[in-house]
1. Quick check on region 159-187: of everything there that is touching a residue at least 40 places away in the same chain (Cβ under 8 Å), surrounded by 19 or more Cβ atoms within 10 Å (Cβ to Cβ) and within 17 Å of Lys144 (Cα to Cα), which residue is farthest from the chain's Cα centre (by Cα)?
2. For region 28-70, which residues satisfy the criterion of being under 12 Å from Cys147 (Cβ atoms) and either of a type in the set (Phe, Trp, Tyr) or at pLDDT below 95 (or both)?
3. Which condition number in (1) within 17 Å of the chain's Cα centre (by Cα); (2) in contact (Cβ under 8 Å) with a residue 12 or more places away in the chain is the one that Arg92 fails?
4. I need the full set of residues from region 74-94 which are farther than 11 Å from Pro125 by Cα and either hydroxyl-bearing (Ser, Thr, Tyr) or not in a helix (DSSP H, G or I) (or both), in order please.
5. Confirm whether Thr70 is under 19 Å from the mean Cα position of the chain (by Cα) and not in a loop (DSSP other than H, G, I, E, B).
6. Considering each of Lys148, Lys144, Lys135, Lys119 in turn, give the residue that is crowded, with 21+ Cβ neighbours inside 10 Å and of a type in the set (D, E, K, R).
7. Hey, among Gln87, Gln99, which residue is among the polar types (S, T, N, Q) and buried (at least 20 other Cβ atoms within 10 Å of the Cβ)?
8. Would you check which residues across region 36-67 are on the phi > 0 side of the Ramachandran plot and in a helix (DSSP H, G or I) and list them?
Amino acid sequence: MLDFKLMKGCPRAAFFCFKPALGLLLCSCAALVSAQHNPALPDANLTPGAIDPSVTPQNLHDTVCVKGYTARVRPEKEMTNRLKRAQMRQYRYADANPQHYEEDHLIPLNIGGSPTDPKNLWPQPRSGEWGADQKNDLEFVAYKLVCKGELPLAEAQRRIAHNWIEAYQAWVPANQYLLPRGRRAPE
């Protein structure tokens, strides 16, 4: 430790002794802030995503691409509401109001996400820059691209599970025309 009483010269010069350490500290803090978890993304340890093994690239047009598929496989509300409350505790959300969250499938049902595996479900915030509406737009666009054969099923599942915001940024703006008219960005 430096004893400033024994240092000769300008006492303000001591600042320059600490300048490199201050720079290192600021860089460390910046790295920590940038590495923090985005609250719009699920915690990968709790919700890594899970697929339905019965949906394959070979049977897309007999499963997910058939009208009414998701309604047939969607779990009961009682199950998802119970799971949402439990997962909200696991996620330690400060806002404890369940109405502010949508129990969402990370890998969407319409591209072969597991309907009931808790590893594929998480309490997604409804509001915010990356809320449920944006995720729903991604799900719709990914579904359309997969069923049209323009996006491989496994790639869609993998990229959404890894970071659905990055998948949104890659696919939705370029494919706005696939969204229902009320969801398209103004031209």
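The values are calculated or read from the model by the stated rules, or taken from the named source; none is laboratory data. Please read all numbers here as calculations on a predicted model, not as lab measurements. A quick note on method: Cβ atoms are made from the backbone with ideal geometry, for glycine too, and the neighbour counts reach across all protein chains shown.
1. So, considering only residues that are touching a residue at least 40 places away in the same chain (Cβ under 8 Å), surrounded by 19 or more Cβ atoms within 10 Å (Cβ to Cβ) and within 17 Å of Lys144 (Cα to Cα), the one farthest from the chain's Cα centre (by Cα) is Ile160.
2. Matches in region 28-70: Tyr69 only.
3. Against the list (1) within 17 Å of the chain's Cα centre (by Cα); (2) in contact (Cβ under 8 Å) with a residue 12 or more places away in the chain, Arg92 comes up short only on (2).
4. Those that are farther than 11 Å from Pro125 by Cα and either hydroxyl-bearing (Ser, Thr, Tyr) or not in a helix (DSSP H, G or I) (or both): Arg74, Pro75, Glu76, Thr80, Tyr91, Arg92, Ala94.
5. Judged against the criteria, Thr70 is not a match.
6. Working: Lys148 fails: crowded, with 21+ Cβ neighbours inside 10 Å; Lys144 fails: crowded, with 21+ Cβ neighbours inside 10 Å; Lys119 fails: crowded, with 21+ Cβ neighbours inside 10 Å.
Of Lys148, Lys144, Lys135, Lys119, the one residue that is crowded, with 21+ Cβ neighbours inside 10 Å and of a type in the set (D, E, K, R) is Lys135.
7. The conditions single out Gln87.
8. Answer for region 36-67, where residues must be on the phi > 0 side of the Ramachandran plot and in a helix (DSSP H, G or I): there is none.
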